[in-house]
Structures are given as structure tokens and as C-alpha cells.
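Quick note: the coordinates plus some simple rules give every number you see, no bench work behind them. This is a predicted model, so every value here is computed, not measured. Neighbour counts are summed over all protein chains in view; Cβ atoms, including those assigned to glycine, are modelled from backbone coordinates with ideal geometry.
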Amino acid sequence: MTRRLLIAGNWKMHGTSGALAFFADPGINRTYAGIDRLICPPATLLRAATEAASATGVMIGGQDCHAQAGGAHTGDVSAEMLADAGASHVIVGHSERRADHGERDATVKAKAEAALRAGLTPIVCVGESRADREAGREFDVVGEQLAGSWPDGGTGDTVVIAYEPVWAIGTGLTASIGDIDAMHAFIREARGGDQSLRILYGGSVKPANSGDILGRPEVDGALIGGASLTAESFAAICLAA
Ligand code: PEP
């Protein structure tokens, strides 16, 4: 089965309104056959990014959502609010949310279920720490996160998984091709061999390494932090895909 590649950018806590010039860049405004493109800007830019991206074919997503649709949750944003602002996807369980906000698998699962409820595609992040890998526990850890974070009612058509080894995020280090192949195959197997499920790789993906990574049959796209911040490098990765 051929799965369409998803090239997703996570801008994290970077960017004010000037960042929207990204969507006017010629590299963003060209046609890319056979791939889906997504940018997840800060929540403050969601509506404006949706408008700025409207003619480009780039989809817009949130970086997190609350599990509830609304209520007394100061500072939080619901999946319904993201959808109302034009989002089609939302990242949940990013390792920075798990580390900075103490998010556990049950919370990530509830957020992914909220995304489905609101008609969004959750991108559920899993990945081992350096200590886990050094201890040879990477499959145990990722398997546990996957089982605990997968939303009830989710299918390979409605959920995306991002495998992001924590030690590779923002460090310039990437997992070896062999390790990426092995983990992606493990994740698909853990999901019953579901051929429709898209499994992205994330962790220091850059124009220079994206061709090799995205060329692997078990890699269905990338979740990209730093290299998604400029139109030039994001477009170069899309071209390599
Ligand atoms: C990320 O934030 O999900 C990520 C993979 O970041 P970077 O590409 O900068 O490593």
C-alpha cells in the first residue's frame, strides 16, 4: 500500500506575525506531487496562518490541545477551538509537553480523543530518552507509550504517529537508518500491521538528511522543528521527499 508522505513543521514557541511571510515564499507556493504539507504555528498565529496558507495547499495544525471541549482551564485551548481557527491536525504528546508539563500517556490519549471528537487528526508523539536507549529499553518504552496514548476509536486513517527519539530532538543527532527502520516496523506491528497508518520520523530532520530518511519504505513523513522555521529549508525537505 502506498501511503502519502506527510511533511509536518512544528514551529514550537517561535514566531509572531512577521513569521507569516513563510507562506508567501515561492518554495511554499509550488506544487509537490504526492505529499501532504502541514505547519503547526503557535496558537496565536493559527487563524492568520490559515488565511496566509489558504492558496498554498499547506495545512495548518495546533501544537497541543486540552482534553475538554471548553470550561475553566485558564490558558488552555480546546481541539474545537483549533478546528474553528482552521486547523486540520494537532500534535499531542510531544516530548516537550511530556517533559515541561508532566503529561502522561493517559493525558495524551485523552487529548488525542478530543482531537478526533473535534474532527482533527491527532499526531501522537512517542519516543525514548537517551537513557532508555542506552539501557536497551527503547522498544519497551515506545510500545508502552503507544499502547497508553492511542485514542479509543482511532484508526490508521484518522491517527498519525510520530516517532521522535527524545535525544534527537533539537540536538543535531538523528537515529540511524537501521534504528528508524526497526522502530517504525515495530510500531506498525504493534498496531496490528495496519498498512494505512502513517508513521513519521522526527529528530533533527534537515535538508541534508531528509532524502535518506524519507526514502525508507516504513517512513511516511517527518515532524520537523528547527528546519521548518524557514521556508527555504522546509521547501528543500519537501523537494527531497
Ligand atoms: C520536534 O520538535 O518535533 C523536532 C523534531 O525538532 P527538531 O527537528 O528541531 O529536532
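Express in nm, to one decimal, how much length is gained between residue 30 and residue 182 on full extension, taking 0.36 nm for each residue of separation and deducting their alpha carbon distance. Kindly include the intermediate steps, with their values, before the conclusion.
Numbers: separation 152, 0.36 × 152 = 54.72 nm, distance 3.37 nm.
Additional length available on full extension: 51.3 nm.
What residues qualify as long-range amide H neighbours of residue 37, i.e. H under 5 Å apart, gap of 5 or more or another chain, H built at 1.01 Å from N?
Hits under the 5 Å cutoff: 7, 59.
Kirkwood hydrodynamic radius, the stretch 10-158, all distinct C-alpha pairs: what's the number in Å?
Values: mean 1/r = 0.0613 Å⁻¹.
Value: 16.3 Å, from the Cα pair sum.
Equivalent ellipsoid semi-axes for the stretch 84-162, as square roots of 5 times the alpha carbon gyration tensor eigenvalues: give them largest first, rounded to whole Å. Could you put the intermediate results ahead of the total?
Numbers: eigenvalues 113, 34, 20 Å².
After diagonalising the Cα gyration tensor, the semi-axes are 24, 13, 10 Å.
Quick one: order 32, 163 by neighbouring beta-carbon count within 10 Å, fewest to most. Walk me through the numbers on the way to the answer.
On the way: 32 17, 163 27.
In order of increasing Cβ crowding within 10 Å: 32, 163.
Would you order 23, 139, 186, 234 from fewest to most other beta-carbon atoms within 10 Å of each residue's own beta-carbon? Each step should come with its number before you reach the end.
Numbers: 23 21, 139 15, 186 18, 234 24.
Taking fewest neighbouring Cβ atoms as first place, the list is 139, 186, 23, 234.
Using θ = phi - 60° and the Karplus curve 6.51 cos²θ - 1.76 cosθ + 1.60, what whole-Hz ³J(HN,Hα) does each residue of the stretch 130-141 get, with Gly and Pro shown as x?
Each residue's phi maps through the Karplus curve to give 4, 4, 4, 5, 5, 8, x, 9, 4, 6, 4, 5 Hz.
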